[in-house]
Amino acid sequence: MFDVAGYLLQKHAEESPDRPAMTTMKLRKLVYHCQSWHLAGGGEALFPEATRNWTSGPVCPEFQELHQDYFTVQTGFFAEELRVCSDVETTPPRPE
């Protein structure tokens, strides 16, 4: 799912270099539609994460968790956020 989001952000930045950021709501809906179109065409799922129907539209909870504090995101956002999360999860606890 993060690969799909990263690809969409990259294509958006290439096509709109003067406005490379995209709202998180638009991005999550585009990710959902990519998954839907791929499945409707008889293909396998693009990503294994489940999509939920929320009041504000379709969303993957893991995706929402990463960008919930941001209104817009741009290329590299998910790579950086995932790296930071990975560092946090693998950092051993400090001795007290």
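Counting only residues that are in contact with a helix residue (DSSP H, G or I) (Cβ under 9 Å, 6 or more places away or on another chain) and of a type in the set (S, T, N, Q), which one in region 1-41 is nearest to Y70 (Cα to Cα)? Once the filter is applied, the top-ranked residue is T24.
When region 27-73 is filtered for residues that are assigned to a helix (DSSP H, G or I) and touching a Leu at 6+ places or on another chain (Cβ under 9 Å), the ones remaining, listed by number, are L27, L30, V31, C34, Q35, H38, L39, F63, L66, H67.
Taking the criterion of being surrounded by 14 or more Cβ atoms within 10 Å (Cβ to Cβ) and either farther than 12 Å from F2 by Cα or among the β-branched types (V, I, T) (or both), the residues of region 39-73 that qualify are T51, P58, V59, T72, V73.
Being modelled with pLDDT of 85 or more and in contact with an Asp or Glu (Cβ under 8 Å, 6 or more places away or on another chain) holds for only one residue in H67, H38, H33, and it is H38.
Of the residues that sit in region 8-25 and are of a type in the set (G, A, S) and not in a helix (DSSP H, G or I), which one is farthest from G57 (Cα to Cα)? Across region 8-25, the extreme among qualifying residues is S16.
The values are calculated or read from the model by the stated rules, or taken from the named source; none is laboratory data. What you see is a predicted model; the values in this text were computed from it and never measured. In this analysis, Cβ positions are derived from the backbone assuming ideal geometry, glycine residues included, and neighbour counts consider all displayed protein chains.
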